[in-house]
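Encoded as structure tokens, the structure appears first; notes follow it.
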Amino acid sequence: MNQSTAASGDPVSSRAASPRWLAGLREDFAQIFVEEWSPYLGAPLLVLVAAVLMVNGLFWGVFGGLKLWGDWFNNFIGLGPVLGIPGTLESPLMQRISLMDITLIIGALTAALFSGQFALRRPPKVEYVTAAIGGVLMGIGAALAGGCTTGGFFTPLMFSSPAGWAMWAGLLPGAFIGLKAVLWVSEHVTWGMAAPATTVVSPAAKRIYPWIGFAIVAGIVWWATAWYGSADTKLVARGIVILSGFAFGFILHRSRFCFARVFREPFMTGEGTMTKAMIWALALGIPVSAMMLQHKTVDPFLAIPATFWLGSLLGGLIFGVGMVLAGGCASGSMWRMGEGHIKLWVAVFFFSWTGSTFTAVANRWDLLTREMSLDLVEVSRVGQQAYLPDMLGGWTWTYLLSFGVLLVWYLLVRYNESTEKFTVL
């Protein structure tokens with residue numbers, strides 16, 4: 001090839017002149033950071049991060065942080081004293097679950113930048129209303145259940161508590177009712193159904209997205225390292241939380257993992273991939289966590305809410321309706337916030353505000369007030385802390401019950417995929 005050909009701008013010549021190693025790096029980057037991950041990969045990665053937290057005496061939660069945000073807002077608008085919310089609150093950057101929520105959103109934002117999927121997305125006007133209603137219901141449901149689909153369902157099951165299965169039993173009919181409500185709105189409501197124009201991101205902006213993502217990763221690593229290297233043990237723990245929350249957000253976005261889809265999709269389309277991925281996650285997470293619980297690596301009652309069984313069941317039912325109306329559960333809403341979905345910002349705002357307000361009102365009624373029983377477990381009017389090994393006399397029956405429910409759940413999902421017997425559409 002002569003010089004005039006090489007300089008002519010011919011794309012074939014340009015590719016030939018480009019170093020192969022650089023093209024290989026671009027291909028690897030695309031496979032890892034641009035192409036969507038399977039939820040079957042996302043599931044064990046989420047369990048791995050949750051296990052790292054457990055090893056360090058921590059756990060994955062979401063609602064506690066959102067409630068703190070709602071407490072801050074209630075104090076800001078002057079409702080705090082009326083509701084009995086303390087005037088001095090912990091900083092959102094220092095409270096464990098709040099910090100995990102913040103870094104989860106940042107992790108999802110980073111993943112969206114790497115994949116070129118970040119954009120401000122405006123929904124039809126009616127979806128702002130359903131997002132607000134859904135957020136309100138999720139706030140009430142999470143307060144009653146002692147957590148959202150993360151802290152009331154997934155994490156309690158990792159800690160071998162039947163509270164997770166009680167919430168599961170409420171989430172299933174809740175998702176069904178929520179889907180029915182969404183279908184009713186689409187069939188009977190005409191106001192605000194027109195979708196606004198899609199935000200167009202210029203190619204030039206998309207080209208700098210990955211570089212912004214790398215800058216965020218560098219900032220997160222510096223932040224976590226600085227705190228982890230501190231002499232303050234509280235900051236050391238927060239350093240672990242920063243990295244864990246960021247990892248959760250990144251994994252959730254890349255695998256599109258969403259608890260709302262776990263319960264909604266079988267009823268909506270019959271498709272059960274996300275549900276089976278959740279079953280896979282629990283099949284891995286329950287025995288991994290059990291080993292740590294048996295060896296006293298972590299306090300088994302650390303993440304068990306005092307809501308078994310009434311609070312978990314009723315909270316799951318209400319939360320299930322809300323998450324389908326909102327278009328995402330708590331963690332699912334937050335990773336979509338990081339991706340730029342304005343609807344989910346609305347849902348999370350009302351979730352946080354209602355979670356704070358309802359909790360305060362319920363505490364006034366002593367509905368959620370916790371007391372220590374003679375058996376040294378916390379009890380409330382909606383339930384108590386329940387630990388399967390104590391209830392069933394050991395781990396054998398705990399494993400049989402847990403894996404028995406998982407097997408039945410899988411068989412029902414698999415059957416529905418083939419027959420669509422349980423679908424609403």
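Every read-out reported here was derived from the displayed coordinates using simple, explicitly stated rules and does not represent laboratory data. Only a predicted model underlies this, so the values are computations on that prediction, with no experimental measurement involved. Methodologically, a virtual Cβ is constructed for each residue, glycine included, from the backbone with ideal geometry; neighbour enumeration extends over all protein chains shown.
What is the distance, in nm, between label points placed 7 Å from the Cα along the Cα-to-Cβ direction at H188 and at Q31? Between H188 and Q31, the simple spin-label model gives 5.2 nm. Normalised by the number of residues in the chain, the average gap of Cα pairs under 8 Å and 6 or more apart makes the relative contact order 31 percent. Each semi-axis of the equivalent ellipsoid for the range 294-425 is √(5λ) with λ an eigenvalue of the Cα gyration tensor; in descending order they amount to 29, 26, 15 Å.
Rg and Dmax of the range 113-236, both derived from C-alpha coordinates alone, stand at 21.0, 60 Å. Using bins of 5 Å that start at zero, the share of Cα-Cα pairs per bin across the range 373-425 amounts to 4, 16, 14, 13, 13, 12, 11, 10, 4, 2, 0, in whole %.
All distinct Cα pairs of the range 53-131 go into the 1/r average, and the inverse of that average, the Kirkwood radius, is 15.2 Å.
Going by a ≥ b ≥ c, the root eigenvalues of the Cα gyration tensor, does the range 236-293 fall in the rounded group (a/c under 1.5), the prolate group (a/b larger than b/c) or the oblate group? Oblate, since a/c reaches 1.5 and b/c is not below a/b. Over what distance in Å are the Cα centres of the range 367-392 and the range 291-354 separated? Their Cα centres are 20 Å away from one another. On a straight-distance basis, which lysines could pair with K421 in a cross-link, Cα separation under 28 angstrom, same-chain partners fewer than 8 positions away excluded? K421 reaches K180, K276.
Applying both filters, DSSP loop and at most 15 other Cβ atoms within 10 Å, to the trypsin sites (Lys or Arg not before Pro) of the range 278-358 gives K296. One decimal place: the segment S202-A226 gains 5.0 nm when fully extended, by the rule 0.36 nm per residue minus the C-alpha distance.
For the range 23-83, the Stokes-Einstein estimate of translational diffusion at 20 °C and a viscosity of 1.002 mPa s comes to 139 µm²/s, using the Kirkwood hydrodynamic radius over alpha-carbon pairs. Which distance in Å, rounded to a whole number, links the C-alpha centroids of the range 394-425 and the range 67-130? Each part's Cα centre sits 34 Å from the other's. Under the rule a/c < 1.5 gives rounded, and otherwise a/b versus b/c splits prolate from oblate, where does the range 63-187 land using the Cα gyration tensor? Judged from the Cα gyration tensor, the range 63-187 comes out rounded (a/c under 1.5).
Between the exposed loop cleavage positions of the chain, defined as chymotrypsin sites (Phe, Trp or Tyr not before Pro) in a non-H, G, I, E, B DSSP state with at most 10 neighbouring beta-carbon atoms within 10 angstrom, the longest gap is 1-190.
At q = 0.09, 0.10 Å⁻¹, what log₁₀ I(q)/I(0) does the chain have when each alpha carbon counts as one equal point scatterer in the Debye sum? Values, matching the q order: -0.58, -0.71.
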